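Below: the structure, in structure tokens.
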Amino acid sequence: MGLSTSGETMPELGLLDTTGILRRPGVSPERTSSGLGWEHVYVSTQREQPYHATFEAAPTHLLILHLGGPVTVRRRISRSMRAQLIPAGGIFLHPAGRALDVELQGGLDTVHLYLSDSVLQEAHGDGSTVELAEELGSSDPLIEQLVLALDGVVRLREPSARTYVDHLVGTLAAHLARAHAAGRPVDRESASSGLTSRQLMSARELMETRISEPLPVAELASVTGLSASQFSRQFRASTGKSPHQFLLQLRLDHARRLLRTTTLPIADLAAHCGFSHQEHLTRVMRAKLGTTPAAFRRAC
């Protein structure tokens with residue numbers, strides 16, 4: 001990943017290769033990948049304040065992971081402005097080569113990842129050119145994990161972790177090319193039997209808002225206009241998980257974010273994320289991640 005075809009070392013991707021959001025006055029990144037020598041990806045973590053601005057097209061693809069929320073974001077897609085309330089873990093995706101008109105309506109902690117088009121096309125690998133979709137508030141647990149892993153390398157300033165970084169970037173590029181390409185085919189079975197994107201977002205927003213509370217399926221179904229049985233069936237068709245499994249994953253993801261970013265006692269953190277008690281969180285983390293909350297926090 002570090003050499004051009006002529007064998008010369010390529011310059012690292014940097015702030016000047018980005019859209020310009022991070023060059024706005026008042027933006028002070030907490031950490032960036034500057035100085036680590038990464039040629040195909042630039043990563044920056046920061047607190048963003050509300051703004052509305054237009055940015056010229058950049059040569060890199062922009063992926064923003066929301067670390068907090070929910071917060072409303074407006075962006076221009078085609079010729080119209082669209083707004084979305086985006087929860088923590090939500091994704092903003094903007095392809096290279098296009099101007100960006102965007103409004104952030106609240107303060108927000110984010111990770112920005114800028115990806116070179118060359119590594120995306122290489123990962124696509126079938127000889128045709130892939131274009132990424134413009135996305136606002138989509139959810140993708142794999143992308144979230146990959147972005148957080150790259151941010152973790154930046155946090156620890158590990159120049160020796162190049163092989164690991166190259167693996168993460170290659171995996172991210174391949175996944176974006178496969179799952180987030182513009183005009184990707186729609187699964188007809190899912191389209192006919194699953195929830196609409198609006199229904200799915202409404203259910204997810206309610207889960208995020210009520211993450212610390214018991215949440216009956218009937219209440220989730222009510223925001224989609226379906227019966228509880230219809231909702232459960234169509235939710236599984238759309239996500240591959242039952243509402244309970246999906247909510248449990250959201251709670252686990254929320255707990256991981258809080259373990260990384262706060263010093264809350266684990267018992268309080270578990271209750272805040274909707275787990276019955278600390279032992280419940282420990283049991284779920286051990287089953288799904290092979291670790292405990294205390295060990296996970298120490299490793300961050």
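General remarks:
- Per residue, the accessible area of the chain comes to 48 Å², computed with a 1.4 Å probe over protein heavy atoms only.
- The fraction of accessible area contributed by carbon and sulfur in the range 65-140 is 42 percent, rounded to a whole number (1.4 Å probe; ligands and nucleic acids excluded).
- Taking amide H atoms as placed 1.01 Å from N in the peptide plane, the amide H of Ile77 lies under 5 Å from those of Arg82, each 5 or more residues away in sequence or on another chain.
- Rounded to the nearest angstrom and listed largest first, the equivalent-ellipsoid semi-axes of the chain from its Cα gyration tensor are 31, 24, 19.
- Rh by Kirkwood over Cα pairs, then Stokes-Einstein D for the range 91-134 at 0.890 mPa s and 25 °C, µm²/s: 193 µm²/s
- Dividing the summed helix terms, -39500 (n - 2.57) for each DSSP H run of n ≥ 4, by the number of residues in the chain produces a 222 nm estimate of -12500 deg cm²/dmol to the nearest 500.
- Helix 197-209 axis versus longest C-alpha principal axis of the chain: approximately 70°, rounded to the nearest ten.
- Amide H partners (placed H, <5 Å) of Gly137, local residues excluded: Ile91, Phe92, Leu93
- Residue-wise HN-Hα coupling along the range 138-143, computed from phi with Karplus coefficients 6.51, -1.76, 1.60 (Hz; x: Gly, Pro): 6, 10, 8, x, 5, 4
- Around the amide H of Asp109, modelled in the peptide plane, lie the amide H atoms of Glu48, Leu67, Gly68, all under 5 Å away and 5 or more residues distant in sequence or on another chain.
- Sequentially through the range 254-267, phi angles give Karplus couplings (6.51, -1.76, 1.60; θ = phi - 60°) of 5, 4, 4, 4, 5, 5, 6, 10, 10, 10, 3, x, 4, 5 Hz, Gly and Pro residues having no value and appearing as x.
- Two-decimal log10 I(q)/I(0) for the range 222-300, as the Debye equation yields it once each C-alpha is a single scatterer, q = 0.13, 0.22, 0.27 Å⁻¹: -0.47, -0.92, -1.21
- Normalising the average separation of contacting C-alpha pairs (under 8 angstrom, six or more residues apart) by the number of residues puts the relative contact order of the chain at 13 percent.
- Cα gyration tensor, the range 115-266 - rounded (a/c under 1.5), prolate or oblate: oblate
- Normalised contact order of the range 24-164, rounded percent, pairs of Cα under 8 Å and 6 or more residues apart: 30 percent
- Table column - 3J(HN,Hα) (Hz), the range 154-161, Karplus curve with 6.51, -1.76, 1.60, x for Gly and Pro: 4, 4, 8, 6, 9, x, 7, 8
The values are calculated or read from the model by the stated rules, or taken from the named source; none is laboratory data. Quantities reported herein were computed from a predicted structural model and do not represent experimental measurements. Please note that ligands, DNA and RNA were not included when accessible areas were found on the heavy atoms of the full protein model with its side chains. Shrake-Rupley method; radii C 1.70, N 1.55, O 1.52, S 1.80 Å.
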